[in-house]
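Undergrad: Have a look at the structure that comes next, please.
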Amino acid sequence: MDLRHHDVLPTAAERSAVDALLGVEAGDAPPAGFAAVRDARTLLLPALHALQSSVGWVSRGGLDYVCRRLGVPPAEAFGVASFYALFSLVQRPQAFAHVCDDIACTAAGAEKVCSELERKLGAPASGHAKTGTAHEDGAGHGPRWARSPCLGLCERAPAALVTIAGAEPKDCAFGAATASRIEAALAGSPPRIEEAYVASSGPRRLLARVGVADPASLAAYRAHRGYEALARAFELGAEGVLREVTESKLVGRGGAAFPTGRKWEAVARATARPHYVVCNADESEPGTFKDRVLLEGDPFAVVEAMTIAGYATGSQRGYLYLRGEYPLALERLSHAIESARAGGLLGANILGSGFAFDIELRRGAGAYICGEETALFNSIEGLRGEPRNKPPFPAQVGLFGRPTAVNNVETLVAVLDIVRDGAASYTSVGTAGSPGTKLFCVSGSVVRPGVYEVPFGTRLDALLALAGGVLPGKTMRTILLGGAAGGFVGRDQLSLPLSFEDTRKAGTTLGSGVVLVFDDETPMVPILRRIAAFFRDESCGQCIPCRVGTVRQEELLSRVVNGRSTLQGELPLLKDLGQVMRDASICGLGQTASSAIESAVALGLFEDER
Amino acid sequence: MEEAQVILLWGSNARETHPIFFHHVLKAVRRGAKLYVIDPRRTPTAEWSEGWAGLDVGTDIALANGVGRAILDAGLENRKFIANATEGFDAYRATLERYDVERVSTITRVDAELICRMARDFASAERAMICWTLGITEHHNAVDNVLSLINLALLTGHVGKWGSGLNPLRGQNNVQGGGDMGALPHKLTGFQDVEDDVLRSRFEAVWGCKIPPKNGWHLTEMFAAMGRRELTALYVIGENPAQSEADSTHALHCLEGLEHLIVQDIVMTKTAEMADVVLPASASWCESEGTVTNSERRVQRVRRALNPPGSARDDIEILCDLSSRLGYDMKARTPEALWDELRTLSPMHGGMSYPRLEALGGIQWPCPDESSVGSPFLHGRLWETPVRGPRAAFHPAEDEGPVDKLTSEFPLRLTTGRRLDSYNTGVQSGSFAWPMERRETVGIFPSDAARLGLRDGERVRVVSRRGSIEAPVRLDDRLKPGLVFMTMHFPDEVDTNLLTIDATDPRSGTAEFKAAAIRVEKVG
Amino acid sequence: MNESSRGEVEFTLDGRSVKAREGETIHAACRSAGIDTPTLCWAENLTPVNVCRVCVVEVEGARVLAPSCSRKVEAGMVVHTDSPRVRSSRKLVLELLGSSVDMSLSTDFADYAKRYGAEPGRFGPRAQPSAAGVRESALPGHHEVGDGTRAATVGQPTKVDNDLFVRDYDKCMLCYKCVEACGSDAQNTFAIAVAGRGFDARIATEHETPLPDSACVFCGNCVGVCPTGALMFKAEHDLREAGKWDESKQTETDTICSYCGVGCVLTLRVQDNKIVRVTSPSDSSVTGGHLCVKGRFGFKFVEESPRAP
């Protein structure tokens, strides 16, 4: 391609970071031929990460060097880099903090942390800064922190992520964040890693190894029945695996609840080749942290389950797309994949079966929308994380335009027991419509926030009781079910059985398993406006209903918050906005951007405060 | 084009000189077609290719023969097609004996591996195309260059079918049309031979006059005749030979020696400034009605959108009036009437009425009658068994190299070409507000510049056996060591054609603009 | 199945049973059936991106509405193009667009807004336009929360960095057409892309590099496909600024470009015997509606060079 590059050169650190990823042999030359350039595009996001984590920002020289190496047009690379919140196109200090001010953390006092941080470190990066700007006085300049959407550490809210760029980048995410803990982390002394609190109401299935087996040891994994499912899969054959998964009635746990067996069969039967497996570990729904707990606590399970998915769907290659804000999961998964490879459990002829499969780990870069499966494909392909129109569905036209089975982490882990013990064993718990167990992310004003595994059909109040109930001295006001894309339920709905069919009947959703409890001391209208702001920030901007609708929705809530108008007066507009976003948006983000707010209106959460 | 699987762009920088044609190439590339670009310069076109064959200037025949040889060595020739539709294959094969890939690689400085890969991909594709431009035709042995490419198409049967074939990309909107209309010294309208009495008499019957029965001179022969004072009066329509001819010192000398020069043009060109009579004309593409024929033989309508300024008149009006003054009143005087008369004389245009050209968005000839929608490709008959009409002949061609030899006095090879934003001598393109820097430069490979102690932007003198010019240096790593590049877009600033050689192919009459021997000197 | 019915599918369109070619979009089938479906981001010479959502239709059994420009017809599909749900969505989309973007030069938009009774003013008075460079410097995932009393817009000053065309992104509805024309659908130059995210998404060169320093080759194909006048030829921009743009005095004539042998069809728009805009018909088999810099802009010589006397 006849691209025009600039004359700005990369620094030595930038060049060596990119070369470490892409190899040094090729020098400056891009791949020869259009097909080779197209194939290299998928390395754009990893290359941008290499720049960001080595020097703390994506400079003009660095970006241009990546473009030269990969044959990517500079304007497109800029379009991609400027899409993701974790890439900075202005120079930043090498140590930088992202402080969560999303719903769970706000309810837990994030604003106090932020204002103290502002006093100590100065104003956060927000609003505007000219891209490509290098500060004259070097690395120490510029804002040292920014506010962030949900970091998936809601059980230890408020949370923060600290990134330290350098030849050996050090990132850490931690809960119970205070201004001084954040300062210490910025100075290179992060808090000790704490494992998440997990519990269950019955025998643990999904959580069987979490907190029990050493996540860094393949031997420990195997000692705890690891790789029994894969061995069983080879006995069953691909058709047998498809049959068991279909009969288990397993449905996707990312929020959309699509039958996994049907999805896998469609990919397995698709004639176009190759097929791909993608694990969607871009868990970003505010209030959700269950996948993080699995990824950190049982990384080999994800690797094994992806291998089974590859076997069943006739795929030889899997991509694990992990959200960029999960440094511990990144470390443990990288280690697990390497160990599995070294142990003959990935690569050619796995366990002597003749089946070949490998996994590539990809890291997101701060974009909620990339949890949408087709946006995730685009992100892996080195494009902006914009969702594609469906149909065609991923099973026909997915990653790189090929048939693709894309599954959420929890869904994949559930497959292990189904294959090992059979569908009948799996359907013996749960309800007829929703067999098996489910992970719930319980946070907010409860005694023991954490991840809870309970059979489908467990009542909401029983789940809360398992978490120790509402904090002493507080009264429960409302519960957000299913995350920002879900809906609020009231005190009168505590007897609701947590199954897909019962929540649907009640007009709400399980979504990604969020159970976020608010007490009556938390002002709700700012929470609602935070949800509206979240969708405005995270909209990819592609389609008009979502791009502009989320702005108008936030403006509307701002008017109500500021007393410029009344909810009653705004209701027709709110309803219209909800309708057009739900009906005409390209993807689930826009389609659900008003659901929590509309449910809050129905519950009267606004009136209580005004 | 878009359905070809392999495309060889030979001596063509289509990305810059035929940008919209290149859109179609890119559509093919996006569908998986393999593009090979054969050009001494790594042009923007070459940047899109699977393989850039950066041959030395003037070694095209050697390379084509090497590709042919590699096809034979791999046993990938289309034997059925050769046996059915061609003649002269044995002589061609005998010629290729001397062009083994290693030797060709030495002559051309193209990687042997690339030659073999290109040969293999081209020969084994179901549909493959060769397109060329002036990199093939602006040589003293242009016709042999073209024949050597035709040989490759015959060898593989990539001709006469959809998505395949040979495609010379025309440089002007009506080069093809000029030929179609008989603006050739040996052809009447529709490529009918002047010296064929039967054909000529048909024209004479319709026109009611006698046509000289002998072939005329082509441009280069005309200049030779001017040099001999045998041609003393010249009527130039829409050409700027004072600046566009190779070895312009010689060209100017010839023009100055004329007894009478008439120039009919839209602007005051350098040639017009020399004329005894200037006939101001309207711009044919926007101030006149008529037709043109593009590179794919598509006859298209041009229409009047603007009123011509001042006393400028339509070419047809001027010619008709001139004819009347000379004593012959043309019957048809409007564009459409002339065209309809032409349709009765030129069989290939028979079915192209103005209304049909309008309705079909142009028609590709031959289109003999109004039931025909034209012909997207030619030579389909070669696929009939037995073949109808004459067989297609192989014409073995031998490598010669440029006329202007490199010596220690003139050690560098100057080649000329065009840029995206400009056109020929800049008469048309010079006046619009191109936002980037626009001036003539001497493109030179960095290592050559370093050896000569030249910095980017430094003014240098370029000297050939015919003349010298001065211009600033531009370092260009898309060239090769020993290769220098200039355009002909800015003759008023830098008259590049003072350097070029008028060594001309006797059959096509085209001069070797693409290869001059030069040296580059520091100024002062 | 006989020859003529092969590759046809039958489906229900607004209560009528109609046939369409297999693989055809609902939008194309609507056109064949004489149903005028509004659209702003679709063009016949570009790949559908289905972002404007003005063309949505209701497909029975589907949870949400479908973009007719890219959704393919299926046998037995039941499609409503004028149901209350469709009308309401189209109205709202037009209101959202009109409230945030200056659509004053889009006659299509004006027609659609009238047809669907859109009131872009219902979101409140428009916010002041941003100063130069402000929208370009927004950080993804961050914005400044206002008091909600003024409707945010993409308003900003016009970018004039060359003499061939201007970029007035106040009028940019982000239909992606320019990006497609500059990129893989035609020109393959990739000088511009969508940058930023959400409401701050915008068309940009890398780091907002001025066009003459970018990869731009000034083919003007982006201008040729722009539906809102955000991209405008400088000649037209200057005439409009001077209040001299007068469509009643203009003619359009198709002719052939003189710059090479490809034979590109040019549509010359002329006012007062001056060429004020050059485009190419999007259904031309030669150009597909696209031109190069010489064909698009290289006409000045007929107007400005000293002509032969």
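Undergrad: Just the residues that are part of a loop (DSSP other than H, G, I, E, B) and more than 7 Å from every other protein chain (Cβ to nearest Cβ), please, taken from region C:194-213.
TA: Within region C:194-213, C:T209, C:P210 qualify.
Undergrad: Under 6 Å by Cβ, and 6 or more places apart or on different chains, what pairs join a residue from region A:512-536 that is within 10 Å of chain C (Cβ to nearest Cβ) with one that is part of a loop (DSSP other than H, G, I, E, B) and open to solvent by 10 Å² or more (accessible area, probe 1.4 Å)?
TA: Partner pairs satisfying both residue conditions: A:F534/A:P149.
Undergrad: Now for a different question. In region C:138-164, what count of residues is obtained for those that are more than 7 Å from chain A (Cβ to nearest Cβ), open to solvent by less than 50 Å² (accessible area, probe 1.4 Å) and farther than 24 Å from A:V80 by Cβ?
TA: So the answer is 4.
Undergrad: A follow-up question, please. What tally of residues in region A:96-124 results from selecting those that are open to solvent by less than 20 Å² (accessible area, probe 1.4 Å) and either out of contact with any Leu (no Cβ under 7 Å at 6 or more places or on another chain) or of a type in the set (A, V, I, L, M) (or both)?
TA: So the answer is 12.
Undergrad: Given the criteria out of contact with any Ser or Thr (no Cβ under 7 Å at 6 or more places or on another chain) and more than 7 Å from chain C (Cβ to nearest Cβ), does B:R325 qualify?
TA: Criteria met by B:R325.
Undergrad: Which one is nearest to the other protein chains (Cβ to nearest Cβ), of the residues in region B:419-452 that are closer than 20 Å to B:G524 by Cα and open to solvent by 40 Å² or more (accessible area, probe 1.4 Å)?
TA: B:A450
Undergrad: Ok, one more. Can you find even one residue in region B:215-234 that is assigned to a helix (DSSP H, G or I), open to solvent by 70 Å² or more (accessible area, probe 1.4 Å), touching a residue at least 12 places away in the same chain (Cβ under 8 Å) and within 14 Å of another protein chain (Cβ to nearest Cβ)?
TA: Within region B:215-234, none of the residues are assigned to a helix (DSSP H, G or I), open to solvent by 70 Å² or more (accessible area, probe 1.4 Å), touching a residue at least 12 places away in the same chain (Cβ under 8 Å) and within 14 Å of another protein chain (Cβ to nearest Cβ).
Undergrad: Then there's this: For region C:165-182, name all the residues that are over 16 Å from C:C41 (Cα atoms) and either at the interface with chain A (Cβ under 8 Å from one of its Cβ atoms) or in a loop (DSSP other than H, G, I, E, B) (or both).
TA: Answer for region C:165-182, where residues must be over 16 Å from C:C41 (Cα atoms) and either at the interface with chain A (Cβ under 8 Å from one of its Cβ atoms) or in a loop (DSSP other than H, G, I, E, B) (or both): just C:D168.
Undergrad: Looking at region C:116-137, can you tell me whether even one residue there is free of Cβ contacts under 8 Å to residues at least 12 places away in the same chain, open to solvent by 20 Å² or more (accessible area, probe 1.4 Å) and part of a helix (DSSP H, G or I)?
TA: Scanning region C:116-137, I find no residue that is free of Cβ contacts under 8 Å to residues at least 12 places away in the same chain, open to solvent by 20 Å² or more (accessible area, probe 1.4 Å) and part of a helix (DSSP H, G or I), so the answer is no.
Undergrad: Okay, next question. Go through (1) open to solvent by 20 Å² or more (accessible area, probe 1.4 Å); (2) at pLDDT 95 or above; (3) in a loop (DSSP other than H, G, I, E, B) and name the single condition A:E136 misses.
TA: So the condition that A:E136 fails would be (2).
Undergrad: So which residues in region A:8-52 are closer than 28 Å to B:L35 by Cβ and assigned to a loop (DSSP other than H, G, I, E, B), if there are any at all?
TA: Within region A:8-52, A:G23, A:E25, A:A26, A:G27, A:D28, A:A29, A:P30, A:P31, A:A32, A:G33 meet the criteria.
Undergrad: For residues that are under 23 Å from the mean Cα position of the chain (by Cα) and open to solvent by 30 Å² or more (accessible area, probe 1.4 Å), tally how many sit in region A:17-51.
TA: 2
Undergrad: Which of the residues that make up region B:1-42 are open to solvent by less than 10 Å² (accessible area, probe 1.4 Å) and assigned to a strand (DSSP E or B)?
TA: Correct list: B:V6, B:I7, B:L8, B:L9, B:W10, B:L35, B:Y36, B:V37, B:I38.
Undergrad: Additional query: Check region A:400-421 and report whether any residue there is without any contact (Cβ under 8 Å) to a residue 40 or more places away in the chain and among the polar types (S, T, N, Q).
TA: Within region A:400-421 (the criterion being without any contact (Cβ under 8 Å) to a residue 40 or more places away in the chain and among the polar types (S, T, N, Q)), the answer is no, since none of the residues qualifies.
Undergrad: Would it be correct to say that A:S539 is more than 14 Å from chain C (Cβ to nearest Cβ) and at pLDDT 95 or above?
TA: Taking the combined requirement at face value, the residue does not satisfy it.
Undergrad: Residues of region A:348-373 being over 30 Å from A:S512 (Cβ atoms), open to solvent by 10 Å² or more (accessible area, probe 1.4 Å) and assigned to a helix (DSSP H, G or I), which ones?
TA: Answer for region A:348-373, where residues must be over 30 Å from A:S512 (Cβ atoms), open to solvent by 10 Å² or more (accessible area, probe 1.4 Å) and assigned to a helix (DSSP H, G or I): A:L351, A:G352.
Undergrad: In region A:392-439, which residue that is of a type in the set (S, T, N, Q) and open to solvent by 50 Å² or more (accessible area, probe 1.4 Å) is nearest to A:E372 (Cα to Cα)?
TA: A:Q396
Undergrad: Further, regarding this structure: Scan region B:293-303 for residues that are facing chain C (nearest Cβ under 7 Å) and open to solvent by 10 Å² or more (accessible area, probe 1.4 Å) and report the count.
TA: 3
Undergrad: Which residue, of C:S83, C:S88, is within 8 Å of chain A (Cβ to nearest Cβ), out of contact with any Ser or Thr (no Cβ under 8 Å at 6 or more places or on another chain) and of a type in the set (S, T, N, Q)?
TA: C:S88
Undergrad: Which one of these is open to solvent by 20 Å² or more (accessible area, probe 1.4 Å), within 18 Å of B:G179 (Cα to Cα) and either among the aliphatic types (A, V, I, L, M) or in a loop (DSSP other than H, G, I, E, B) (or both): B:P366, B:P308, B:P390?
TA: B:P366
Undergrad: Sticking with this one: Considering each of B:R333, B:R343 in turn, give the residue that is more than 8 Å from chain C (Cβ to nearest Cβ), open to solvent by 70 Å² or more (accessible area, probe 1.4 Å) and of a type outside the set (S, T, Y).
TA: On inspection, the qualifying residue turns out to be B:R333.
Undergrad: Which condition does B:Q176 not pass, out of (1) part of a helix (DSSP H, G or I); (2) surrounded by 16 or more Cβ atoms within 10 Å (Cβ to Cβ); (3) of a type outside the set (F, W, Y); (4) out of contact with any strand residue (DSSP E or B) (no Cβ under 6 Å at 6 or more places or on another chain), if it passes all the others?
TA: Unmet condition: (4).
Undergrad: Taking A:L320 and the conditions (1) open to solvent by less than 10 Å² (accessible area, probe 1.4 Å); (2) touching a Phe, Trp or Tyr at 6+ places or on another chain (Cβ under 7 Å); (3) not polar (S, T, N, Q), which numbered condition does it fall short on, given that it satisfies the others?
TA: The failed condition is (2).
Undergrad: Let me ask you something else. I'm checking my understanding of the structure. Among residues of region A:349-401 that are under 14 Å from the mean Cα position of the chain (by Cα) and among the basic types (K, R), which one is farthest from A:Q52 (Cα to Cα)?
TA: A:R362
Undergrad: Of all the helices (runs of 4 or more DSSP H) wholly in region A:468-562, which have at least 2 residues that are open to solvent by 10 Å² or more (accessible area, probe 1.4 Å) and closer than 29 Å to A:T437 by Cβ?
TA: It comes to A:500-505.
Undergrad: Then there is this: Out of curiosity, is A:R559 facing chain C (nearest Cβ under 7 Å), at negative phi, without any contact (Cβ under 8 Å) to a residue 12 or more places away in the chain and within 23 Å of the chain's Cα centre (by Cα)?
TA: Answer is no for this residue.
Undergrad: Among the residues of region B:453-489 satisfying the criterion of being of a type in the set (S, T, N, Q) and open to solvent by less than 30 Å² (accessible area, probe 1.4 Å), which is modelled with the highest pLDDT?
TA: Restricting to residues being of a type in the set (S, T, N, Q) and open to solvent by less than 30 Å² (accessible area, probe 1.4 Å), the top hit is B:S464.
Undergrad: Looking at (1) within 14 Å of chain C (Cβ to nearest Cβ); (2) open to solvent by 60 Å² or more (accessible area, probe 1.4 Å), which one does B:E195 not meet, given that it meets all the others?
TA: Unmet condition: (1).
The values are calculated or read from the model by the stated rules, or taken from the named source; none is laboratory data. All values reported here derive from a predicted model rather than from experimental measurement. Because the Cβ atoms are built from the backbone with ideal geometry, glycine has one as well, and the counts that use them run over all protein chains shown. Each accessible area value is taken on the protein alone, full model and side chains, heavy atoms only, with ligands, DNA and RNA left out. Shrake-Rupley method; radii C 1.70, N 1.55, O 1.52, S 1.80 Å.
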